[in-house]
1. Within the range 1-26, track down each residue that is surrounded by 13 or more Cβ atoms within 10 Å (Cβ to Cβ), of a type outside the set (F, W, Y) and at pLDDT 90 or above.
2. Which residues, counting only those in the range 19-73, are under 13 Å from the mean Cα position of the chain (by Cα) and among the β-branched types (V, I, T)?
3. Are any of the residues in the range 76-94 under 25 Å from A133 (Cα atoms), without any contact (Cβ under 8 Å) to a residue 24 or more places away in the chain, under 18 Å from the mean Cα position of the chain (by Cα) and surrounded by 12 or more Cβ atoms within 10 Å (Cβ to Cβ)?
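The values are calculated or read from the model by the stated rules, or taken from the named source; none is laboratory data. What you see is a predicted model, and the numbers here were worked out from it, not measured in a lab. Cβ coordinates were reconstructed from backbone atoms using ideal geometry, including for glycine residues, and neighbour counts include every protein chain displayed.
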Amino acid sequence: MTTPDSETPATRPSLAALFTGFLTLGLMGFGGVLPLTRRMLVEERRWLTAPEFTELLSLCQFLPGGNVINLSVAIGLEFAGITGAFAALSGLLAAPTAIVIALGAVYARYQGDPALQHVFAGLAAAAAGLMIATAAKMARPLLNRPAPLLIAVACFGAIAILRLPLLWTMLVLAALSILLRWRARS
């Protein structure tokens, strides 16, 4: 008997399955869908094994663009070539795109309405809260590790306070992080 994280994927998805699987993720993706993506791909649909998912996600995080967007394209390519990549990407983006267009039209029409301004202010506060909660979850494992915590604080200071360019900040801090890790191992 195999487990959801077994070494052998159970199925090879069709184009329709790629589209509907990623459409479902796009509809559920408020505040990010990475945990949902892993559950769908590895545990529920078993299109990938746990190690395959980790390896593919690592590659997709290295590439420019959104991780889950890159992941949808890579999975589509793996199972059905260019057509599969298009099906998975279209599924992932279809619902959020339609929702953003609809909300944009509503906002354009009623942007002067004080009630709508309060709704959008509330949405902005909720989005900020999601970002703070995510940052706190990501920072928690660093609290007892001085070097990574130093890198995180330096990154925040450079970008949020000093307003240094992201690319140069990341290049310098990535090199510093590698150096610190290398020195800790020797």
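1. Once the filter is applied, which keeps residues that are surrounded by 13 or more Cβ atoms within 10 Å (Cβ to Cβ), of a type outside the set (F, W, Y) and at pLDDT 90 or above, the range 1-26 yields P13, S14, L15, A17, L18, T20, G21, L23, T24, L25, G26.
2. Result: V33, T37, V68, I69.
3. For the range 76-94, residues under 25 Å from A133 (Cα atoms), without any contact (Cβ under 8 Å) to a residue 24 or more places away in the chain, under 18 Å from the mean Cα position of the chain (by Cα) and surrounded by 12 or more Cβ atoms within 10 Å (Cβ to Cβ): absent.
Residue-by-condition table, conditions (1) surrounded by 12 or more Cβ atoms within 10 Å (Cβ to Cβ); (2) under 21 Å from the mean Cα position of the chain (by Cα); (3) farther than 22 Å from M28 by Cβ; (4) of a type in the set (D, E):
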{"residue": "L103", "(1), (2), (3), (4)": "yes, no, no, no"}
{"residue": "A108", "(1), (2), (3), (4)": "no, no, yes, no"}
{"residue": "G112", "(1), (2), (3), (4)": "no, no, yes, no"}
{"residue": "Q117", "(1), (2), (3), (4)": "yes, no, yes, no"}
{"residue": "A124", "(1), (2), (3), (4)": "no, yes, no, no"}
{"residue": "A127", "(1), (2), (3), (4)": "yes, yes, no, no"}
{"residue": "I132", "(1), (2), (3), (4)": "no, yes, no, no"}
{"residue": "K137", "(1), (2), (3), (4)": "no, yes, no, no"}
{"residue": "R140", "(1), (2), (3), (4)": "no, yes, yes, no"}
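Every residue, every condition in (1) in contact with a strand residue (DSSP E or B) (Cβ under 9 Å, 6 or more places away or on another chain); (2) among the aliphatic types (A, V, I, L, M); (3) farther than 20 Å from S177 by Cβ; (4) in the same structural domain as L34 (by TED's automatic domain parsing), yes or no:
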| residue | (1), (2), (3), (4) |
| --- | --- |
| L92 | no, yes, yes, yes |
| A102 | no, yes, yes, yes |
| V119 | no, yes, yes, no |
| A124 | no, yes, yes, no |
| G129 | no, no, yes, no |
| P146 | no, no, no, no |
| C155 | no, no, no, no |
| I159 | no, yes, no, no |
